[in-house]
Amino acid sequence: MTIDVVRSVRHGGASLLVAWSLLLTPYIAAYAAEDEPHESAISTHARSFGAAVKRDTKAVGDDCKEAAHRVAVAAKAVGHEIATAAKRGAAETRSAFRGEKAETPAS
């Protein structure tokens, strides 16, 4: 009779242990899942938006450098044309005052 009682207590204890472990499994799994790092949709969107802005900024910067170079080249050419025209005009003015035929400088 005592063996039957001990056996039933063991069986009941084992059943309780199994029941508790089955009841606690979802909570343990949820607690473990909270510890894992995960990204929200907002942080993923912000990261991709930041990368797109960086890429576009680089493209615009490259375009601006090219445009600035073109403006510098055009300004130099215009300056050269103005200087040549001024030299030509000055030579014509000097020769007119002297009564000579103007010699235009080579451009």
Once the dipole of the chain is set up from charges on Cβ (+1 Lys and Arg, -1 Asp and Glu), the residue from the list Val73, Ala85, Ala52 lying farthest towards its positive end is Ala85
Could you give the angle, 0 to 90 degrees to the nearest 10, between helix 41-98's Cα long axis and the longest principal axis of the Cα atoms of the chain? 10
For Lys58, the net charge from surrounding residues (Cβ-Cβ under 14 Å; K, R +1; D, E -1) works out to -1
Each label sits 7 Å from Cα toward the beta-carbon; between Glu92 and Ile3 the label points are separated, in nm, by 13.4
In nm, what is the difference between 0.36 nm times the number of residues separating Ala75 and Lys54 and their Cα-Cα distance? 4.5 nm
Based on Cβ point charges of +1 for Lys and Arg and -1 for Asp and Glu, what charge dipole magnitude is obtained for the stretch 9-93 about its Cα centre, in debye rounded to the nearest 20? 360
Could you report the chain's accessible area per residue, 1.4 Å probe, as an integer in Å²? 90
Stretched out fully, how many nm does the piece from Asp63 to Glu39 gain, at 0.36 nm a residue minus the Cα gap? 5.1 nm
By how many degrees, between 0 and 90 and to the nearest 10, does the Cα long axis of helix 2-35 differ from the longest principal axis of the chain? 10
Within the chain, pairs of Lys residues whose Cα atoms are less than 26 angstrom apart, provided they are eight or more positions apart or on distinct chains, add up to 4
Across the chain, what fraction of all alpha-carbon pairs, as a whole percent, falls in each successive 5 Å bin from zero upward? 2, 9, 6, 6, 5, 5, 5, 5, 5, 4, 4, 4, 4, 4, 4, 3, 3, 3, 3, 3, 2, 2, 2, 2, 2, 1, 1, 1, 0, 0
Give me the percent of the accessible area of the chain that comes from carbon and sulfur atoms, probe 1.4 Å, all protein chains in place. 66
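The values are calculated or read from the model by the stated rules, or taken from the named source; none is laboratory data. The structure presented is a predicted model; accordingly, all values stated were derived computationally and were not measured. Here Cβ is always computed from backbone atoms with ideal geometry, including for glycine, and neighbour counts include all displayed protein chains. Calculation scope for accessible area: heavy atoms of the full protein, side chains included, ligands and nucleic acids excluded. Shrake-Rupley method; radii C 1.70, N 1.55, O 1.52, S 1.80 Å.
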